[in-house]
1. May I ask you to list the residues in the range 70-84 that are closer than 30 Å to Glu53 by Cα and open to solvent by less than 30 Å² (accessible area, probe 1.4 Å)?
2. Pull out all pairs, ordered by first then second residue, where Cβ-Cβ is under 7 Å, the residues are six or more apart or on different chains, the first lies in the range 103-121 and is among the charged types (D, E, K, R), and the second is open to solvent by less than 50 Å² (accessible area, probe 1.4 Å) and outside any strand (DSSP E or B).
3. List every residue pair whose Cβ atoms sit under 8 Å apart, with the two residues 6 or more apart in sequence or on different chains, where the first one lies in the range 45-57 and is closer than 16 Å to Glu70 by Cα and open to solvent by less than 40 Å² (accessible area, probe 1.4 Å) and the second, anywhere, is at pLDDT 85 or above and among the charged types (D, E, K, R).
4. All but one of (1) in a strand (DSSP E or B); (2) surrounded by 17 or more Cβ atoms within 10 Å (Cβ to Cβ); (3) not β-branched (Val, Ile, Thr) hold for Ala87; state the number of the condition that does not hold.
5. Among the residues of the range 98-129, count how many are on the phi > 0 side of the Ramachandran plot and open to solvent by 20 Å² or more (accessible area, probe 1.4 Å).
Amino acid sequence: CAPTLTKDLAFLGSDDNFIRCYDIHNGMVRWMKGVDAPIRKSPWLLGSQVSREVETAGPGSPKAVVESFEGMVFVKNSIGLHAFDAATGDEVFKDANAVRPLVKVGDWVVTIDGAKNAQLRKGKDGKIQQTVALGAFDFLPTNQRDGTIVAGFGDGTILLAVPK
């Protein structure tokens, strides 16, 4: 399947049951994880490019701005939806009922299950906090500029707002 890219990383799922993260600049594999069945769809990425100031040599040394992608990469196969930390490859969760990711902001991730329900997940382990029928949403817009997510019902109730 086609790779999914960030500014510095490429994620590739394959028939050999592995997802690989490549460094685009040197072609080296940064991490590789097995998912116990072939991956036949391109991975999904949820997250953003983040800038940080870091000291170049040690305390008191000049600082440089470093950019990196922070977020999660997802692959779907016959076993389920697998979520990994994009930078490290650490497994976040595996869910046999989830079909695809929808959106991630902060600690919140929304995935869709096979029954077309929105699964609201929170935390580093991606545990489901609540499941709501996706058809109940009037809208679920995202704003890439500032990361705002709003999910609302027809009666005006807001189901999910971005934490600070």
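The values are calculated or read from the model by the stated rules, or taken from the named source; none is laboratory data. Remember, predicted model here, so these are calculated numbers, not experimental data. Reconstructed Cβ throughout: ideal geometry from the backbone, glycine too, with neighbour counts over all protein chains shown. Note: areas computed on protein heavy atoms with side chains; ligands, DNA, RNA excluded. Shrake-Rupley method; radii C 1.70, N 1.55, O 1.52, S 1.80 Å.
1. Residues satisfying the conditions are Gly71, Met72, Val73, Phe74, Ala83, Phe84.
2. Asp107/Gly123
3. Filtered contacts from the range 45-57: Gly47/Glu70; Val50/Glu67; Val50/Glu70.
4. Among (1) in a strand (DSSP E or B); (2) surrounded by 17 or more Cβ atoms within 10 Å (Cβ to Cβ); (3) not β-branched (Val, Ile, Thr), the lone unmet condition for Ala87 is (1).
5. Number of matching residues: 3.
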